[in-house]
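Peer 1: Have a look at the structure that comes next, please.
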Amino acid sequence: MGKGRIEYENLIRSSALFTLDRTTQAVAYKREALKMVEYLYQYLMSINAERYCEFGLEITQTANSCIKNYSPEIGDFLNYFNSAFAKEYRKSFAQNKMLEQHGGVHIPEQDQRIISKFIKLAETQGSYELSSEQIHQISAATGIQESKICEYIQAYQQSFSQSDSYLNDDGEEGSLFDMIASEDDSTNELFEVDQAIELLRHIDEVFEKRQQRQKPLLSKLITAKIVSDIAENEALLSEVTLHAFFDKSLFSEYMRSGTVPTAREIASQFGISEQSVSRTYKTFISLL
């Protein structure tokens, strides 16, 4: 009988890999790195083999990348891998969906990158629609008909939903903001207060880099996502009030009414569509 998830978690967390020097102990390091890749693969298979069996290459590439870039300052290695693989999984899943929506017609990866760059450029400028000139430029660069590019962009936006999710230790997808929980919740390492504080600080760093005109909307969206958790935790509440992204008026209203505004209500405040609000939030989350 094969090992279960808990056993693979223990193997991963007890590995000697990160106690070895990759230069002076190269042979031992390589041996432990190969074991770690296998452990991570089997860990995901033990969670949901049916879901992940077609993503062996992505699992291996993500594992190798995480091993190469990991440092103890990042925190728990398994959590680091889960977060990285969740993003890779969504990317690969979205690409497969796009192929389905295009009747199986393959769009070369290089062309996908060109189109994606234009989309992301538009998103950083607060727009989610490409101009006819931009579409013409993409067509000239890729050789793809403009009508096909428009179809591709629509499929991309529909299927590559950059949600605020990660794989937790149970292999379930959850919100990054689920990490912010009450201090007495010790059932999962992701819920430790110090990690939640680090997340808040990282959110603020990303928030500060956004365009000034986007910040009022982002502030309300982010605060709405976390307000019910931070209101119940003195340490997190003390931390979040130090950050620019925190909307104090929304927090005050929540404390008065006990209700969190919906995306539709926030969209109405800014005179924009709920869909636009959703895209703004997802774009922000993808940068975390």
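Peer 1: When only residues in the stretch 25-57 that are within 20 Å of ASP76 (Cα to Cα) and β-branched (Val, Ile, Thr) count, which is modelled with the highest pLDDT?
Peer 2: Checking each candidate, the answer is VAL37.
Peer 1: With the requirement that a residue be in a loop (DSSP other than H, G, I, E, B) and charged (D, E, K, R), what does the stretch 236-260 give you? Walk me through it before giving the result.
Peer 2: First, the residues of the stretch 236-260 that are in a loop (DSSP other than H, G, I, E, B): 241-247, 258-260.
If the condition is that a residue be in a loop (DSSP other than H, G, I, E, B) and charged (D, E, K, R), then ASP247 is the only one that fits.
Peer 1: Criterion first (modelled with pLDDT of 90 or more and among the aliphatic types (A, V, I, L, M)) does ALA244 satisfy it? Outline the logic, then answer.
Peer 2: Details: modelled with pLDDT of 90 or more: yes; among the aliphatic types (A, V, I, L, M): yes.
For ALA244, the condition - modelled with pLDDT of 90 or more and among the aliphatic types (A, V, I, L, M) - is met.
The values are calculated or read from the model by the stated rules, or taken from the named source; none is laboratory data. None of the values given here were measured: they were computed from a predicted structure.
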